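The values are calculated or read from the model by the stated rules, or taken from the named source; none is laboratory data. Keep in mind that this is a model prediction, so the values were computed, not measured. As a convention, Cβ positions derive from the backbone with ideal geometry for all residues, glycine included, and neighbour counts pool all protein chains shown. These area figures cover heavy atoms from the full protein model, side chains too; ligands, DNA and RNA do not enter into them. Shrake-Rupley method; radii C 1.70, N 1.55, O 1.52, S 1.80 Å.
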Amino acid sequence: MNADYDPEDIETRWQSTWEAQGVYRAGAQGGEPYYLLEMFPYPSGRIHMGHVRNYSIGDAHCRYLRMKGFDVLHPIGWDAFGMPAENAAIKNNSHPGKWTYANIKEMRDQLQRMGLSYDWDRELATCHPGYYRWEQKIFLEMLERGIAYRSKQWVNWDPVDQTVLANEQVVDGCGWRSGAPVEKRELESWSIRITDYADELLSDLEQLDQWPDAVRAMQRNWIGRSIGARIDFPMDGADDLEPITVFTTRPDTLLGCTYMALAAEHPLALELARRAGTQEAVSAFIEQVQADKSAAGHGDIKEKKGIFTGMHAQHPLTERKIPIWIANFVLMDYGTGAVMSVPAHDQRDFEFARTYGLDLIPVIQPPDLEAPLEADTMEAAYEGGGTLFNSPGFDGLDFEAAKTAISEKLKASQRGGPTINFRLRDWGVSRQRYWGCPIPVVYCDNCSIVPVPDDELPVELPQDVSFSGAGSPLADHPTWKHVECPQCGGPAVRETDTFDTFWESSWYFLRYLDPRNESQPFSPEAVQKWFPVDHYIGGVEHACMHLLYARFFTKFLADAGYFETREPFTRLTTQGMVIKDGAKMSKSKGNVVDPNEIIDRYGADTARLFMLFAAPPEKELEWNPNGVEGSYRFLRRVWRLGLAAAEVEETDLPENLSKGDRDLRRSTHWMLKKVGHDIEQHLHFNTAIAAIMEHMNAVSSSGLGGDLKVHPAVAREAMVCSVQALAPFAPHIADELWFKLGGEKPLITCPWPEVDEEAAAADEVTIAIQVMGKLRGTVQVPAGASKDDILAAAKGDANVQRHLDGKTIVKEIVVPGRLVNFVAR
RNA sequence: GCUGGAGUGGCGGAAUUGGUAGACGCAGCGGAUUCAAAAUCCGCCGUUGAUGAGACGUGUGGGUUCGAGUCCCACCUCCAGCACCA
């Protein structure tokens, strides 16, 4: 009679039933809307354990919320543009789209085998023109509002992927995808003024109180707001040149400035050298710096090097002559690419000055030092605070007051003033690749940059391309780029760069709301109903790229009038990595476990259960084959007990329950309460599942399947509730048993069981008894026992008496339901 | 260096936020069942002690408290992100 647990049979049957009944469709049941989203996958070909974990977490939450009566939107799609498709196309001499769609099909099958609760009607692929036409439109709105601009600038060039990278995409000086050392190139390209939103992106982090602190901190660092001053240094003896502007956080040390340093890429570097006649040496130095950077792979500079340009600036307050140097440690990417050097109070400047024999002028006196700082005896820069000296007009001021005083003075004489500087740079979005969304502009000799008119969108990628050449197939295409200028009708050429693929993922969560809309990117009604995303789940590696861009897009779209919401993701969960043998799973380490094999062997329910049980979502998860086996063993146990319960006669709960009945009912309802609580409070599925396991131990002890020691109705209830509680984690086996126990609709469409608080409450509690804070015994008392009764019972304990013997109790502490502590002398 | 986080049995991890440290699972040990195996079931399982009483025990050292894994001070180690950021 007892068929063995056969996950494959159960899972395929339920997956088709669910699909046939459309139980996952958003709006299928009504209820309060809830938008639950996991980061969509790149269709690389196969899903990996990281995906399985990510989607198991999201699915468990989704199923729980559905049972709690929410109308959950839970969509899935494909982040389908990107380099791997193009590389595969080059290798196989085929088309990236072919590779991409084949992978999507493969991965869709895999996800469906996991039995995930997605609304597949909303599936989207970002490489589809029906998707990307709307991001072209959004770009044109950015262009119109001055948020998108084209400029010639120094960019990060990935020599392997043959494309430009944004700052965020350079990791340790290497391309985030290719791993190749990044080079600096000067290119015409498109940028997005994300820096216009720097302040808001920073300050709104405050309100994201359901985001992990780590992610907020990373974004805060990334945006890098610092308060300081902008200071203009006029040129000495070259009146036709603009002053050199620097940014400093220490305007109080301005009088200690003895030289200036420019980045090698600074536009004035060569110009100054040309005027001073040091061109040859300086350009050799600049080339050396560039070569060192490429060779080191990183921005890692071993020793500080520099060269004097031969030119001088004037100190903005004293008009003293300030030599202008070029130095390898000055970054063009930060501030203005030029710094004022105060060697007495900045360690880098100090080292540089000592190397090249430059002057030191100490101007801040440390508060705990009696003798004044002296240039000749200093062994390191003093970077702390103190009182100003050697600073005519500011001597005696505290350094903090001096920051303001000097900034204001500069402002008054129009030589700078207080300012706030950000580390965040504008977002360079041009990519010299084919498999991306075309940037919808054309270049016309008469009209310059012309946006593609709305009725000509989307600008589609041509299908007939060859990947033989080194550059972009779009640039090499014989006809595609040649068009009539939309403005003057003359000959024009299309932009052949495509967008950074982070462009697609910056707004896909909005397209899900209305994925087939052909007249707008999404309807206001859909946004009104679902946006923002209530809970977003994904990997922490996107903390500073995707999540920052998505926040920016949302703010821009709000400003463009699409909606009011200014933050896209209310709650964020960043799940930990799946590791094996202490290391991230990777082909090179040979420690990859293929989800397919696990599902073949144990079924999806076991794989999911293990992933949720082994660790809370935000922690790393160590893949443990024995642990998987344990989860499988548990489900088999549930299966047997479930079948046994289905055999038990169906009756009402009796009026009078035996102690055994009450104990099992307490276990049942305590478990339900605990599962609900753990999911709602912290998404701690691991402790929720532990509670179900604990309860199953109690069910097992009740004799179910053998000599039943409890009332049949109590035993049935115990199993029915277990199956319901298990539904978010192992949905297939849960539905199968649910139907065997008399259920008529899939559990995801059924309400979460009510906790019977009375049954869940204990009628007896164990009180710990301490003497002087040390545990000396325990005692069982009725749940509502009075303090006096508890104390009496505690004093009755033989061991406690032994420890109190010969002592006087000076204090009795009673924590109701918990413990008693006797303080005795 | 800066920022964020974490240190609990052989392992993954619990501990209602100041109240019996080690739930649940894995591994291990012992037993039942079996001709045997698989599967299943029961018991033990921080260290020490003897199966008892006890002592010790949540990275280290102090402190607050009747009572500290939890709070305070100082330190150590590990992980992650950023890093010559002016």
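Does anyone have the angle between helix A:787-796 and the longest principal axis of chain A? Alpha-carbon axes, 0 to 90°, nearest 10?
70 degrees
Grab the beta carbon distance between A:LEU653 and A:ALA560, set R0 = 51 Å, and tell me the FRET efficiency rounded to 0.05.
With a Förster radius of 51 Å, E is 0.25.
Based on a Kirkwood Rh over C-alpha pairs, give the Stokes-Einstein translational diffusion coefficient of segment A:764-824 at 25 °C and viscosity 0.890 mPa s in µm²/s.
Rounded, D is 220 µm²/s.
Heavy atoms only, probe 1.4 Å: what % of the accessible area of segment A:419-536 goes to carbon and sulfur, would you let me know?
That share works out to 46 percent.
Give the relative contact order (percent, whole number) for chain A; include only Cα pairs under 8 Å separated by 6+ residues. The partial results should precede the final answer.
Details: 1502 pairs, mean separation 113.6, N = 825.
After rounding, I find 14 percent.
When ranked by the protection proxy of mean other Cβ atoms within 10 Å per residue, highest first, what sequence do the peptides A:650-661, A:604-615 form?
Result, highest mean Cβ count within 10 Å first: A:604-615, A:650-661.
What does the convex hull of the alpha-carbon atoms of segment A:595-760 project to on average, in nm²?
Numbers: hull surface 39.6 nm².
Taking a quarter of the hull surface, the average projection is 9.9 nm².
Once phi is turned into θ = phi - 60°, what whole-Hz ³J(HN,Hα) does the Karplus curve with 6.51, -1.76 and 1.60 give for every residue of segment A:767-780, x standing for Gly and Pro?
9, 7, 10, 10, 10, 6, x, 10, 5, 10, x, 9, 9, 8
Per residue, how much accessible area does segment A:1-108 show when a 1.4 Å probe rolls over the protein heavy atoms, in square angstrom?
39 Å²
For segment A:595-760, with every protein chain kept in place, what is the accessible area per residue (1.4 Å probe, Å²)?
Ligands and nucleic acids excluded, the figure is 41 Å² per residue.
Could you pull out which residues in segment A:804-825 have an amide N less than 17 Å from a spot 7 Å beyond the Cα of A:LYS795, following the Cα-Cβ vector?
A:804-815, A:820-825
In chain A, with Lys and Arg counted as +1 and Asp and Glu as -1 at Cβ, which of these residues, A:VAL52, A:GLN575, A:ALA690, has the Cα nearest the positive end of the dipole, that is, farthest along it?
Final value for the positive-end residue is A:ALA690.
Counting only residues 5 or more places away or on other chains, whose amide H sits under 5 Å from the amide H of A:THR419 once H atoms are built in the peptide plane?
HN-HN under 5 Å from A:THR419: A:GLY228, A:ALA229, A:ARG230.
With no solvent and one equal point scatterer placed on each C-alpha of segment A:225-422, evaluate the Debye formula and give log10 I(q)/I(0) for q = 0.08, 0.09, 0.13, 0.17 Å⁻¹, two decimals.
Cα-only, vacuum Debye calculation for segment A:225-422: -0.26, -0.33, -0.69, -1.16.
Give me the dipole magnitude in Debye, nearest 20, for chain A about the Cα centre, with unit charges on the beta carbon: positive for Lys and Arg, negative for Asp and Glu.
Its charge dipole is roughly 1460 debye.
Is segment A:153-267 rounded, prolate or oblate when judged by the Cα gyration tensor, a ≥ b ≥ c being the square roots of its eigenvalues, rounded requiring a/c under 1.5 and prolate requiring a/b larger than b/c? Intermediate values should be presented prior to the final figure.
Numbers: a/c = 2.32, a/b = 1.24, b/c = 1.88.
Here segment A:153-267 falls in the oblate category.
For A:GLU622, which sequence-distant residues (separation of 5 or more, or a different chain) have an amide H within less than 5 Å of its own amide H, given hydrogens modelled in the peptide plane?
Here the answer is A:ILE579, since their amide H atoms fall under 5 Å of that of A:GLU622.
With 27 Å as the limit, write out which pairs from A:LYS674/A:LYS745; A:LYS152/A:LYS304; A:LYS137/A:LYS555; A:LYS659/A:LYS787; A:LYS91/A:LYS589; A:LYS137/A:LYS481 have Cα-Cα distances beyond it, or answer none.
As for pairs spanning more than 27 Å Cα to Cα, those are A:LYS152/A:LYS304.
Where does helix A:7-21 land angle-wise versus the long Cα axis of chain A, in degrees 0 to 90, nearest 10?
Approximately 70 degrees, to the nearest ten.
Hey, could you pull the Cα Rg and Dmax for segment A:351-428, both in Å?
15.9, 52
Where the accessible area of segment A:764-824 is counted over protein heavy atoms with a 1.4 Å probe, how much of it, in %, is carbon and sulfur? Please report the intermediate quantities before stating the final value.
On the way: 1820 of 3630 Å².
Roughly 50 percent, rounded to a whole number.
Would you mind classifying segment A:400-526 by shape? Square roots of the alpha carbon gyration tensor eigenvalues, ordered a ≥ b ≥ c; an a/c under 1.5 is rounded, otherwise it is prolate if a/b is larger than b/c and oblate if not.
Prolate, because a/c is 1.5 or more and a/b exceeds b/c.
Name the residues whose placed amide hydrogens come within less than 5 Å of the amide hydrogen of A:LEU819, ignoring near sequence neighbours (fewer than 5 apart) on the same chain.
Residues meeting the criterion, in which the H sits 1.01 Å from N, are A:ALA768.
Taking square-rooted eigenvalues a ≥ b ≥ c of the alpha carbon gyration tensor, is chain A rounded, prolate or oblate, where a/c under 1.5 means rounded and, failing that, a/b exceeding b/c means prolate?
Oblate is the answer for chain A, as a/c is 1.5 or above yet b/c matches or exceeds a/b.
Applying the Karplus parametrisation 6.51 cos²θ - 1.76 cosθ + 1.60 with θ = phi - 60° to the phi angles of segment A:668-685, what ³J(HN,Hα) value in whole Hz is obtained for each residue in order, glycine and proline being reported as x?
Per-residue couplings from phi come out as 4, 7, 4, 4, 4, 5, 5, 4, x, 4, 5, 6, 5, 6, 9, 6, 8, 5 Hz.
Can you work out the Karplus-derived ³J(HN,Hα) for every residue in segment A:488-503? Use 6.51 cos²θ - 1.76 cosθ + 1.60 with θ = phi - 60°, whole Hz, and x for glycine or proline.
Coupling constants for segment A:488-503: 9, x, x, x, 8, 10, 6, 4, 9, 7, 10, 6, 3, 6, 5, 4 Hz.
For segment A:479-535, with every protein chain kept in place, what is the accessible area per residue (1.4 Å probe, Å²)?
Result: 39 Å² of accessible area for each residue.
With a 10 Å radius around each residue's Cβ, average the other Cβ atoms per peptide and rank A:591-600, A:124-133, highest first.
A:124-133, A:591-600
Ignoring ligands, DNA and RNA, what percent of the 1.4 Å accessible area of segment A:252-371 is carbon and sulfur?
After summing per-atom areas, the C and S share lands at 51 percent.
Please compute the contact order of segment A:225-422 in relative form: average sequence separation of alpha-carbon pairs under 8 Å and at least six residues apart, divided by the residue count, as a percent.
Relative contact order here is 29 percent.
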